[in-house]
Structures are given as structure tokens and as C-alpha cells.
Amino acid sequence: MSANNWAVCPRCLLRAERERERKLEEAAAAYGKVDRAAWLEMQAAAGDSVKPGDFETFREDYGLGVDEGGGFKVEYAGSCDACGLRFGFRHEAQVDVRGTARASV
């Protein structure tokens, strides 16, 4: 694996969106049952929105290429230390280096 990138973790983002929604529902249920200051505090605790950029905790490592023998390989591994999400993919194929057929894209 030769390259890496920090991407938005889809699990962390989903969890944050669900938590915000839960807090908003809790505030909505409390409307008219708690004083205004407490309700405003509940609304503020939910936040304005979930910002995907706050969840760039998903490390991506990948490689792609053909070796001198015509072996083609794609490798990908992604993981998040914050929530434990892990994903990997690997594919290998032999390129027909002796044939005259052209590969289609």
C-alpha cells in the first residue's frame, strides 16, 4: 500500500447525525413542558448541523498497478480508530502480455 488519505468516516458521520436527531426529538417532545431556557439549551445541545469535515477519521491506504510480469493488483484498506469501522478489498488478475488483444476500458 503506497498511498493514503484521510476521508470522512461514514459510520462516525451516521452516528453523529442520529445523535443530533435524537436530541432534536427530545427537545421537540419537551416543548411546552419545560421552561424556555431549558428548551433553548436542549436545542443548542443538538447543534446547528453535523459537519462531515469534523469526521475525517477514516484512514485509506491503497495501491494499484501492474508488475513486470503482467500481474495487475488493486488493494484498498480503510479503517477508523474512532469507531472501529474496517473495510478491505483486493483484486488480482493476469494481464495477457503475449496476446494481441486490446483491453477495453
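Tell me, which residue of the range 1-16 that is at pLDDT 95 or above and over 13 Å from Arg59 (Cβ atoms) is nearest to the chain's Cα centre (by Cα)?
Pro10
Ala28 passes all but one of (1) among the small types (Gly, Ala, Ser); (2) touching a residue at least 60 places away in the same chain (Cβ under 8 Å); (3) more than 20 Å from Ala77 (Cα to Cα); which number fails?
Among (1) among the small types (Gly, Ala, Ser); (2) touching a residue at least 60 places away in the same chain (Cβ under 8 Å); (3) more than 20 Å from Ala77 (Cα to Cα), the lone unmet condition for Ala28 is (2).
Which condition does Ala77 not pass, out of (1) at pLDDT 95 or above; (2) of a type in the set (A, V, I, L, M); (3) closer than 17 Å to Leu14 by Cα, if it passes all the others?
Only one criterion in (1) at pLDDT 95 or above; (2) of a type in the set (A, V, I, L, M); (3) closer than 17 Å to Leu14 by Cα is unmet by Ala77, namely (3).
Scan the range 4-27 for residues that are in contact with a Leu (Cβ under 9 Å, 6 or more places away or on another chain) and not in a helix (DSSP H, G or I) and report the count.
The total comes to 1.
List every residue pair whose Cβ atoms lie under 8 Å apart, where the two residues are 6 or more positions apart in sequence or sit on different chains, the first residue falls within the range 2-21 and is basic (Lys, Arg), and the second residue, located anywhere, is assigned to a helix (DSSP H, G or I) and surrounded by 15 or more Cβ atoms within 10 Å (Cβ to Cβ).
Matching pairs, first to second residue: Arg20/Ala46.
Looking at the range 71-97 only, could you name the residues that are of a type in the set (A, V, I, L, M, F, W, C) and over 20 Å from the mean Cα position of the chain (by Cα)?
The answer is Phe72, Ala93, Val95, Val97.
For the range 28-35, state whether one or more residues are charged (D, E, K, R) and either in a strand (DSSP E or B) or under 30 Å from the mean Cα position of the chain (by Cα) (or both).
Checked against the condition, which is being charged (D, E, K, R) and either in a strand (DSSP E or B) or under 30 Å from the mean Cα position of the chain (by Cα) (or both), the range 28-35 yields no hits at all.
Restricting the search to the range 48-74, which residues are part of a loop (DSSP other than H, G, I, E, B), over 20 Å from Leu14 (Cα atoms) and either of a type in the set (Asp, Glu) or touching a residue at least 60 places away in the same chain (Cβ under 8 Å) (or both)?
Within the range 48-74, Asp67, Glu68 meet the criteria.
Given the structure, is Ala45 assigned to a helix (DSSP H, G or I), among the aliphatic types (A, V, I, L, M) and free of Cβ contacts under 8 Å to residues at least 60 places away in the same chain?
Yes; evaluated as a whole, the condition is true for this residue.
The values are calculated or read from the model by the stated rules, or taken from the named source; none is laboratory data. Source: prediction; values computed, not measured. Note that each Cβ is placed from the backbone with ideal geometry, even for glycine, and that neighbours are counted across all protein chains shown.
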